[in-house]
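What follows is calculated from the coordinates using simple rules that are stated; it is not laboratory data. None of the values given here were measured: they were computed from a predicted structure. Positions of Cβ are generated from backbone atoms using ideal geometry, with glycine treated the same way; all protein chains shown enter the neighbour counts.
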Amino acid sequence: MKYLFLTLLWVTTALAFGQNDIEAQARQATDALTAHYKLDEAQQQQMYQIQLRKYRNLQQIAAYKQTNPTLYLQKLKAIRLGTDGSIKRLLRNEQLPIYYEDLRQRRKREAQLIKELRSQGATQQQIDAALMEELARQ
C-alpha cells in the first residue's frame, strides 16, 4: 500500500510538472508571437490556445521519434500544418504579410538544408532526420 501511494504520488507529480512545462512553453511562444505579429488581447488568448494544443500534440508524439521516425515526421508535419492554419485564421489582414514572409523564409531555410545535405551525399533517411530536427525546433 505504501509503495502504491508513493507511485501514485510520483506519477501525479510528473504529470503536473509536464503540464506546467507545456504551459510555460506555450506562454513563451505566445509572448514571442504576440510581439512579432503585434497581437491584441483577444488574439493573444487564441494564440495561447493554439500553442498549448501544439505543445500537447508534440508531447503525445514524442515516443515515435525513436520507435517510428517516419510516422513521427508525418505527425510533425501535420502538427505544423494545423498550427499554421490556426495562426493564419487568427491574424487580421494587416498581419498576414508578416505571416507569409515567415512562411517564405522557413521554406527557403528548409530547401537550403535539403540542398546542402544532398550535395554532401546524404541519404534520404539522413535528410528526413535533419528535417525532423528542423521541424521540432519550430
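Residue pairs exceeding 20 angstrom between C-alpha atoms, taken from Lys65/Lys108; Lys54/Lys77; Lys54/Lys88; Lys54/Lys75; Lys77/Lys108: Lys65/Lys108.
The alpha carbon radius of gyration of region 39-109, expressed as a multiple of 2.2 N^0.38 Å, is 1.26. In a DSSP loop and with at most 12 other Cβ atoms within 10 Å, the GluC sites (Glu not before Pro) in region 44-138 are Glu94.
Extension gain, Gln28-Arg89: 0.36 nm per intervening residue step, less the Cα-Cα distance, totals 19.9 nm. Filter the DSSP H helices in the chain by two things, a Kyte-Doolittle mean of at least 0.0 and an axial alpha-carbon span of 24 angstrom or more, and list the hits by number. Once both thresholds are applied, what remains is 2-37.
Normalise the Debye intensity by I(0) for region 2-137, one equal point scatterer per Cα, no solvent, then take log10 at q = 0.11 Å⁻¹ and round to two decimals. After summing over all Cα pairs, the log10 values are -0.53.
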